[in-house]
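Taking it in order: structure first as structure tokens, then the write-up.
The values are calculated or read from the model by the stated rules, or taken from the named source; none is laboratory data. In this text the structure is predicted, and so the values were computed from the model without any measurement. Positions of Cβ are backbone-derived with ideal geometry, glycine not excepted, and every protein chain shown enters the neighbour counts.
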Amino acid sequence: MRAILVLMDTLRKDVLTSYNEKSEIITPNLDAFCDDSLIFDNHYIGSTPCMPARRDLLTGRLGFLERSWGPIEPFDITFPKLLQEHGVFSHITTDHCHYFRLGGEGYINQYNTWDYHRGQEGDPWISKIKDPEWMPEEYHGKLRKQYQANREKWYENPDEYPTPKTFMSACEWLEDNKGEEDFFLQVEVFDPHEPFDVPSKYMELYNDEYEGPYFETPVYGEVDVPTEAVDYIRNRYSALCTMTDEYFGKLIDKLKELGMYEDTLIIATSDHGYFLGERNLFGKNYMHDYNELAAIPLVVKDPKGRRKGEREEKITQNIDVMPTVLDYFDVATPEEVQGKSWFPLMNHKDNNKKYALYGAHGITINYADGEYTYFRAPNEKNSPLFEYTAIPTTIRHYLGEKNKSEIQMGRFLKRTEYPVYKFPIYYPSILDGMDNMLKYTQESLLFNIKKDPKQKYPIKNEQKEMEFKNKLKEALIENECPEEQFQRLDLE
């Protein structure tokens, strides 16, 4: 038995014609894969952004209730390790640089082997003290000196970009291991994550007439560039999706060439979406988790061909990947796992998953049941709030640096006897460096996404809001949410 997970960072659901018939983004290989697969229509994020999403995926638990961006904990149970214990070989190939920065410790060590393709975003790869030879004097948004140095290694050569190299390394791995059974392969690409750097051959497929300042990475917050620049950055994102799709197609072609396509479980999904000017916003994490960010694609090709070309309305999210993969390899799912295997759905049976919880630590906590979405805002002070961890790294820094005397340590988590640090948090860690971002999530919102799929018209019905307030409270209890969160969210 073989399984492959293809994880494409920041791939929005509405890119694919299977989800959005009006999409003009060119993705023929993903479209063809959708035709061979079961399409999940109500698939949601769990914890965001990048590393919290990956901890969810590996452990089958919602990490954002306890902590923000951080490493694999010593008490975490991950599915690659369980697979190894049962004789299933696991390999990851990736260009995702966050695995190798502060706060990304321990993830790749869960696999038997790993392969890394360098250069994305701020990866400290090419070492130049002086500025790179090409640095634009005028630009919109962010411009990373490090990335400009890195990109000189591949500029305008698609095969040398990190995401194409990742897909091609997966093809090489399959060639080297053809005929083998009992393996799990994770092909994880950073694109179409920003910076939206893409060869001109793909931009030529879209409107490439922009003549304004250089622009490849928006600044998170309200749109701060002219309309033509917004259109341009959307085209760069679209072009990057097309490049990613082309090399995804090469992976599928290799599987077919080796006779491994039909009898391999193949899962294609993302970790979160991204705002490209919708609601006059750029980026992610600081705003309400509207479906532009929270509703993501999930496409699954079953090796037995079950439900090929069909659609599934049941709620799913990425914490369900772990129990699904374990189910597929006939490995028992640990009791602490909160996700639900979707294999019963392949046989038109109920897997008893009724809702999705999702969000980023210290901001809103959100609930979706397939008909409604409910965004619960914190109280005015956004407190009390704590992070729990045995390894106090997070994105860009260490937890507790500014308030060392307030750090506690003890056995605070129900599922483990492992002692952890308890850090008081006065501003969500994921918003470090972004001032006053909590202003975007001051109000709780309820939407009927059946009647209002664009989430434009919040429901003002006290009885209905109370219903979802109670549903959220029950879900938080079921998912072992720290007690102080109920006070922070006025759910006591």
Item to check | Restricting the stretch 208-223 to residues that are more than 28 Å from the chain's Cα centre (by Cα) and in contact (Cβ under 8 Å) with a residue 12 or more places away in the chain, the residue that is nearest to Ile25 (Cα to Cα) | outcome: Asp208
Item to check | Verdict on Phe196 being more than 30 Å from Lys178 (Cα to Cα) and in contact with a Lys or Arg (Cβ under 6 Å, 6 or more places away or on another chain) | outcome: yes
Checklist entry - Which pairs have Cβ atoms under 6 Å, sit 6 or more apart or on different chains, and link a residue in the stretch 472-492 that is without any contact (Cβ under 8 Å) to a residue 24 or more places away in the chain to one that is surrounded by 14 or more Cβ atoms within 10 Å (Cβ to Cβ)? => result Lys473/Leu491; Glu492/Phe486
Checklist entry - Counting only residues that are in contact with a strand residue (DSSP E or B) (Cβ under 8 Å, 6 or more places away or on another chain) and surrounded by fewer than 20 Cβ atoms within 10 Å (Cβ to Cβ), which one in the stretch 92-107 is nearest to Leu57 (Cα to Cα)? => result Glu105
Checklist entry - Scanning for something within 25 Å of Glu172 (Cα to Cα), outside any loop (DSSP other than H, G, I, E, B) and in the same structural domain as Lys178 (by TED's automatic domain parsing), does the stretch 117-126 turn up at least one residue? => result no
Item to check | Test result for Tyr290, hydroxyl-bearing (Ser, Thr, Tyr) and more than 20 Å from the chain's Cα centre (by Cα) | outcome: no
Next on the checklist: Quick check on this structure: which one of Glu194, Glu160, Glu156 is of a type in the set (Asp, Glu) and modelled with pLDDT under 95?
Outcome noted: Glu156
Next on the checklist: Residues that are among the basic types (Lys, Arg), at negative phi and out of contact with any strand residue (DSSP E or B) (no Cβ under 6 Å at 6 or more places or on another chain): does the stretch 222-234 have at least one?
Outcome noted: no
Checklist outcome for this item: Every listed condition ((1) more than 30 Å from Glu478 (Cα to Cα); (2) assigned to a helix (DSSP H, G or I); (3) out of contact with any strand residue (DSSP E or B) (no Cβ under 9 Å at 6 or more places or on another chain)) holds for Phe33 save (3)
Item to check | Selected residue (only one of Gly103, Gly119 is small (Gly, Ala, Ser), on the phi > 0 side of the Ramachandran plot, touching a Ser or Thr at 6+ places or on another chain (Cβ under 9 Å) and touching a residue at least 12 places away in the same chain (Cβ under 8 Å)) | outcome: Gly103
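The rows are residues; the columns are (1) among the basic types (Lys, Arg); (2) touching a helix residue (DSSP H, G or I) at 6+ places or on another chain (Cβ under 6 Å); (3) over 19 Å from Tyr372 (Cα atoms); (4) outside the structural domain of Arg279 (by TED's automatic domain parsing).
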{"site": "Thr416", "(1), (2), (3), (4)": "no, no, yes, yes"}
{"site": "Val420", "(1), (2), (3), (4)": "no, no, yes, yes"}
{"site": "Ser429", "(1), (2), (3), (4)": "no, no, yes, yes"}
{"site": "Gln442", "(1), (2), (3), (4)": "no, no, yes, yes"}
{"site": "Ile449", "(1), (2), (3), (4)": "no, no, no, yes"}
{"site": "Lys471", "(1), (2), (3), (4)": "yes, no, no, yes"}
{"site": "Glu474", "(1), (2), (3), (4)": "no, no, no, yes"}
{"site": "Cys481", "(1), (2), (3), (4)": "no, yes, yes, yes"}
Checklist outcome for this item: Of those in the stretch 300-329 that are acidic (Asp, Glu) and in contact with a Phe, Trp or Tyr (Cβ under 6 Å, 6 or more places away or on another chain), the residue farthest from Ser341 (Cα to Cα) is Glu312
Checklist outcome for this item: Screening Arg61, Arg54 for residues that are within 17 Å of Val321 (Cα to Cα) and assigned to a loop (DSSP other than H, G, I, E, B) leaves only Arg61
